[in-house]
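Before any comments, here is the structure.
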Amino acid sequence: MKERNSVSSVKRVLINCASQAQVYGICIADKVPEVGRDMCLKEFLALKTCMQNSHIDKIKKEKDILHMMQTRAGSSGSDALSHAYIQSPPIRCNIPETRGLLYDDGNKLLLSPTGDRVLSWKVGAPTERNPPNSDLIGEGAVLSIRYSLDQKAIAIQRSNHEVEFRNRETGMTFSRKCKQDSERILGLFWTDCPTCDIILIKTSGIEMLLYDPEQNGLHIMEAKKLNVNWYVYTHESRMLLLASGMQCTVFSGYQFSAAAGIVRLPKFEMSMTKSESNSKPVLSSDDVHIVTIYGRIYCLQFDRVGMHINVYRFYRDAVVEQGSIPAYSSRVAVSSVDNVILAHQLDAKVVMLYDLFLDSLSPISAPLPLLLKGSYGANSRSKSEESESISSAYEGMIYVDSWNFLVPDLICDVDNGLVWKICLDVEAISASSSDVPSILQFLQRRRSDPAMIKALCLAITRTLILEKRPISVIAQAMDVLVASYSNSLRSGSIPSATQNTGNNHATDSGVVSEHSIVSTDRAKSVIGDSSSKVLIHSPSTSDDDVNPEESEEPAGDKSLKSSVPQQMASHGANVAISPDEMHRFVFTLVEDEMSGDPSYLVSVIVEFLRSASREKLKLNPDIYLMMNHLLARSNQHATIALLVSNKIIEPSKEVAMQLVDLGQQNFKIRKLGLDMLRLLSLHHDYVSILLQDGYYLEALRYARKHKQTTGCGKMPEVSARIVA
């Protein structure tokens, strides 16, 4: 009875102090026995004091953790969590007495006018070692500068009514002006279209001009009259969009391609959400972005009222709205890095990644900040010191108002004269998903750093096997890797001869072996279109940029293509993993680390053979030798016989000789090896084995039977052995 009253006392006290018990309930379990024995005010006060101290310690610990997470999220070090980063050091264009920073995307030049000259930096070249080039442009105002694609001439927009052209070789100049009272010049660009060299955009339309350096003038090839409020153009897509209408939502589109000439798209209108006050919002040029993804041209339009990004895809005879991407900021910028769309939420200072390969508008990662990472050379300081130096130098410069996002993957900091390049952290993206086959598909579509991506795929595959994932998952992963390699062979992005020999991979594999071993530990964290219309392709994207499965078009393909030189790296750099690399950098390394029953590894190899057989790939015999060795080690000779009989193990001299050696303990296996030698017409080897086993008469009969066969001129030797 007394014990029951004690329990009731505890219950009554807890009810009366419900608010305190909720806060301090963590320590209740430890103190209930004490309270139950002798519930009085003194003990309860002691209990409350204990729980208060525990609660304070917990809050302090949580604050420390939160502070650490905020510090890491806001830092620029390599330990911070992010899927995209800007690479340091940036291109430095902050030379005194310069007037702004311009970008010529046709030649990938950063331009900075100063006095009567213009300084130019080539994007991608290290600015520390290569000083800027300088060209004379004369005195006067400069609104924009465009070099010709052969860089023999310069077009300088002096005002809204005048453009000056300067021949770099002769220094001769001339100007083209428009009517000041009725039209303004919005801009211009050079093109590789066969019918014109320059496109001049005015508020009254566009003029297609032919540049004549000999006569030092221009010839009008064609003019289009229409009202233009502003325009958007990217040299990567060769696509020009002209905005008109009261809300600037009606668009006329043109593509100026070297192969197809001038292609006019049908006029279309972008959708805009009405505001609550029924006022009609006006679309800004800053909210329209042209991007090229897997050779397909898209337009992304930010709807500020509806807080979403509309996605349009361009076809020859239509512009189709694909859907919308949600936006979480009143200001949004768009970049395209390695066929991945980056939607920068500028107010929230995070970036979201989208992969449109499967026409999916779902993000492939959580919204995370854009970090700053340094590139470390062989003679540079340690990573920690370099990271700390970068953080202190550029702290607070992420997503500042002076940033100007340049298509596809550059950020121009106008105030500081810096240009940053945006990169993907594929390792972080891989570690954020547990769907390994999907991650491998994503990695196989990347082209930014083939050696690193290949090493990461190899490390992920090894980890997948070492953790003994279900065979169904292994089979999907093998299908992805083998299909990617087969597609690369068919597209010609890698030489077809490499599939039969291992030596041909020596150059790539030497790089892979070094990186793949290093990346194994990182990879362990990873294991955790139906339209009949013909789409417009980006002229500057080579076949290597696009997965062959995606690039296939319907019969009678009329896709717009160009003869622009390919922008991809040489055939030697490819993310596809060959069967020889799979054997040397996955199966062989995994065999050394795995112990016990090898049946799991054999099952993995069988799945790889199944995938290779479906793609009709010729494999190196080494992989069959490895499987036979594993089966023989566990005395599974019957399985070897079954695989050989069903031609799962392809016949070869190496396999036949191995079967003969393994047949020392199993006559059936030895017979399979001898039969394989006969099947391959390796008569000399067959006779030699018969002689070694003492079957002289059978060897003589076989040699006489095949005396016309090359390699069997051993009859005198056989006869002498029989006589002896």
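The values are calculated or read from the model by the stated rules, or taken from the named source; none is laboratory data. This one's a predicted model, so the numbers in the text were calculated from it and none came from an experiment. So basically every Cβ, Gly included, is an ideal-geometry build from the backbone, and we count neighbours across all protein chains shown.
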query: Going through the range 168-191 one residue at a time, which ones are small (Gly, Ala, Ser) and within 35 Å of the chain's Cα centre (by Cα)?
result: Gly187
- prompt: Restricting the first residue to the range 275-301 and requiring it to be more than 24 Å from Leu356 (Cβ to Cβ), which pairs with a second residue that is crowded, with 22+ Cβ neighbours inside 10 Å and among the acidic types (Asp, Glu) meet a Cβ separation below 7 Å and a spacing of at least six or different chains?
  reply: none
- request: With a cut-off of at least 3 residues that are of a type in the set (Val, Ile, Thr) and surrounded by 14 or more Cβ atoms within 10 Å (Cβ to Cβ), name the helices (runs of 4 or more DSSP H) lying wholly within the range 645-704.
  value: none
- request: From the list Gly171, Gly124, pick out the single residue that is at pLDDT below 95 and either among the polar types (S, T, N, Q) or closer than 19 Å to Glu236 by Cβ (or both).
  value: Gly124
message: Which residue is farthest from Trp190 (Cα to Cα), if the candidates are limited to the range 141-167 and must be over 39 Å from the mean Cα position of the chain (by Cα) and among the basic types (Lys, Arg)?
response: Arg158
message: Can you pull out every residue in the range 218-249 that is among the small types (Gly, Ala, Ser) and in contact with a Phe, Trp or Tyr (Cβ under 8 Å, 6 or more places away or on another chain)?
response: Ala243, Ser244
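Yes/no matrix, rows are residues, columns are (1) at pLDDT 90 or above; (2) within 16 Å of the chain's Cα centre (by Cα); (3) assigned by TED's automatic domain parsing to the domain that holds Ser491:
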residue	(1), (2), (3)
Gly417	no, no, no
Ile429	yes, yes, no
Cys457	yes, yes, yes
Ser472	yes, no, yes
field: Qualifying position, being of a type in the set (Ser, Thr, Tyr), at pLDDT below 90 and surrounded by fewer than 18 Cβ atoms within 10 Å (Cβ to Cβ), among Ser434, Ser387, Ser438
entry: Ser434
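Condition check ((1) outside any strand (DSSP E or B); (2) within 18 Å of Asp104 (Cα to Cα); (3) out of contact with any Leu (no Cβ under 7 Å at 6 or more places or on another chain); (4) acidic (Asp, Glu)) across all residues:
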| position | (1), (2), (3), (4) |
| --- | --- |
| Trp121 | no, yes, no, no |
| Gly124 | yes, yes, yes, no |
| Gly138 | yes, no, yes, no |
| Leu149 | yes, yes, yes, no |
| Phe174 | no, no, yes, no |
| Gln180 | yes, no, yes, no |
| Leu186 | no, yes, yes, no |
| Phe189 | no, yes, yes, no |
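Just for the range 324-338: of the residues that are surrounded by 15 or more Cβ atoms within 10 Å (Cβ to Cβ) and out of contact with any Asp or Glu (no Cβ under 6 Å at 6 or more places or on another chain), which one is farthest from Ser402 (Cα to Cα)?
Ser324
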task: Name the one entry in Phe357, Phe405 that is modelled with pLDDT of 85 or more, closer than 14 Å to His289 by Cα and either outside the structural domain of Pro266 (by TED's automatic domain parsing) or not hydroxyl-bearing (Ser, Thr, Tyr) (or both).
output: Phe405
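Restricted to the range 611-641, and to residues that are in contact with a helix residue (DSSP H, G or I) (Cβ under 7 Å, 6 or more places away or on another chain) and part of a loop (DSSP other than H, G, I, E, B), which residue is farthest from Leu662 (Cα to Cα)?
Glu615
If I ask for residues that are in contact with a Lys or Arg (Cβ under 6 Å, 6 or more places away or on another chain) and at pLDDT 90 or above, which ones from the range 127-139 would you list?
Taking the range 127-139 first, the residues in contact with a Lys or Arg (Cβ under 6 Å, 6 or more places away or on another chain) are 127, 134, 136.
Within the range 127-139, Ser134, Leu136 meet the criteria.
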message: Give me the residue from the range 434-457 that is in a helix (DSSP H, G or I) and small (Gly, Ala, Ser) and, out of that set, farthest from Glu581 (Cα to Cα).
response: Ser438
In the range 260-287, the residues that are in a loop (DSSP other than H, G, I, E, B) and either of a type in the set (Lys, Arg) or over 23 Å from Val407 (Cβ atoms) (or both): Thr273, Lys274, Ser275, Glu276, Ser277, Asn278, Ser279, Lys280, Pro281
Number of positions in the range 151-172 that are in a loop (DSSP other than H, G, I, E, B) and closer than 14 Å to Leu218 by Cα: 1
- line: Listed by first then second residue, the pairs whose first member lies in the range 175-189 and is over 23 Å from Ala153 (Cβ atoms), whose partner is assigned to a strand (DSSP E or B) and among the charged types (D, E, K, R), with beta carbons under 6 Å and at least 6 positions apart or on separate chains, are Glu183/Lys202
- request: Specify the residue that is surrounded by the fewest Cβ atoms within 10 Å (Cβ to Cβ); the eligible residues are those in the range 80-112 that are assigned to a loop (DSSP other than H, G, I, E, B) and either at pLDDT below 50 or touching a helix residue (DSSP H, G or I) at 6+ places or on another chain (Cβ under 6 Å) (or both).
  value: Ala80
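Residue by residue, here is whether (1) crowded, with 18+ Cβ neighbours inside 10 Å; (2) modelled with pLDDT of 85 or more; (3) over 26 Å from Met452 (Cβ atoms) holds:
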residue: Lys558; (1), (2), (3): no, no, yes
residue: Lys561; (1), (2), (3): yes, no, yes
residue: Ala569; (1), (2), (3): no, no, no
residue: Ile577; (1), (2), (3): yes, yes, no
residue: Glu581; (1), (2), (3): yes, yes, no
residue: Phe585; (1), (2), (3): yes, yes, no
residue: Phe608; (1), (2), (3): yes, yes, no
message: It is to be established whether one or more residues within the range 220-231 are in contact with a strand residue (DSSP E or B) (Cβ under 7 Å, 6 or more places away or on another chain) and under 30 Å from Asn339 (Cβ atoms).
response: yes
